[in-house]
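Student: Dropping the structure in here first, questions after.
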Amino acid sequence: MLVEIFGITLLILITGEVIPKIYGANNASSVTRIMALPIEFLRKTPPISWLKNLLVNGTSFIGKIGGKSVRISTDELEQAIAISTEVSVSEDEQKLLEGIVKLGKTEAVQIMTPRIEMATIADYITFSEVLNVVLTAGYSRIPIHKNGTDNVVGILYIKDLLPHINKADFNWQALIRKPFFIPENKKIDDLLQEFRAMKMHMAVVVDEYGGASGIVTLEDVLEEIVGDITDEFDDASVEYKKLEDGTLAFEGRTSLIDFYKILEIEGEEFEEIKGDAETIGGFIVEQSGRILKNKESIVNGRYKLTVISSDKRRIKWVKIQEQ
């Protein structure tokens, strides 16, 4: 009896669900053309049309009573995207979908430009010095700091300087705009919504002590969805290079997210033990407890990370070998 039940269930499952789904996914256009007319006929024919209206209206009524929309978890979305790879979805579309889903998991600290790499202006310098910094930096918005780069007091929009650019001297401090501060663990999907609502393009990331640890721009967030966005002003410096032995070398300041993208890995073995590290150099320091010297290395999973160059402050270059 049990054999018959399981056998019949398996047969119904395979012939009634699995095979039709596979065939329909691989021949979507032809199946749609064949089934369109019968489905339209059934949709308009009583009593099926009555049942359809009853179900649709009943669902709407229940939705109004509940007052809550259906919420889909990130894991469910990832499963849906994984299923979509089995049908006709291009690689670019797949990456775009994956980027959108990862927005809810990525924190601002993971994509920010760290303080040590920020172009900033001290609040006391002269107008001519400000213009020199603006020309050298090449950015449309520059943070203004007071008594150290960790104390950002405002943002200077370069477009605000244009009416005064020919003046010998000018009180440029009057043009400083109020900064938008966010915590390091701010999810970038929430940040994107705040950027849109506040019509802002830059946020200052602060640590638990209130000091600036970096900046995040709207471009940084969008790049997590669509990939790198470059223009004629972007620095084309390479953050990694291929060595003579075929291995890759990364700058220590390369973010772990970019590191994963270049190696085309998920990075789970790094994410599980990275701690507070957000760069490949920071990961090595986090695991070793110190700044490794040249030729010293650590092993993580199937990867060996060897320091090529470092100084007393940071790790500059790291060689990656797959074991």
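Coordinate-derived values only; no laboratory data. Only a predicted model underlies this, so the values are computations on that prediction, with no experimental measurement involved. Neighbour counts are summed over all protein chains in view; Cβ atoms, including those assigned to glycine, are modelled from backbone coordinates with ideal geometry.
Student: Name the residues in region 277-294 that are of a type outside the set (Gly, Ala, Ser) and in a loop (DSSP other than H, G, I, E, B), would you?
Tutor: Correct list: 278, 290, 291, 292, 293, 294.
Student: Please enumerate the residues belonging to region 272-285 that are surrounded by 15 or more Cβ atoms within 10 Å (Cβ to Cβ) and of a type in the set (D, E, K, R).
Tutor: Those that are surrounded by 15 or more Cβ atoms within 10 Å (Cβ to Cβ) and of a type in the set (D, E, K, R): 274, 278.
Student: While we're here: So which residues in region 295-314 are within 22 Å of residue 273 (Cα to Cα) and not in a strand (DSSP E or B)?
Tutor: 296, 301, 302, 314
Student: Then there's this: Can you find even one residue in region 233-250 that is surrounded by fewer than 17 Cβ atoms within 10 Å (Cβ to Cβ), among the acidic types (Asp, Glu) and outside any loop (DSSP other than H, G, I, E, B)?
Tutor: no
Student: Same structure again: I need the full set of residues from region 156-208 which are polar (S, T, N, Q) and more than 16 Å from the chain's Cα centre (by Cα), in order please.
Tutor: 166, 171, 173
Student: Answer yes if at least one residue in region 10-19 is part of a helix (DSSP H, G or I) and in contact (Cβ under 8 Å) with a residue 12 or more places away in the chain, and no otherwise.
Tutor: no
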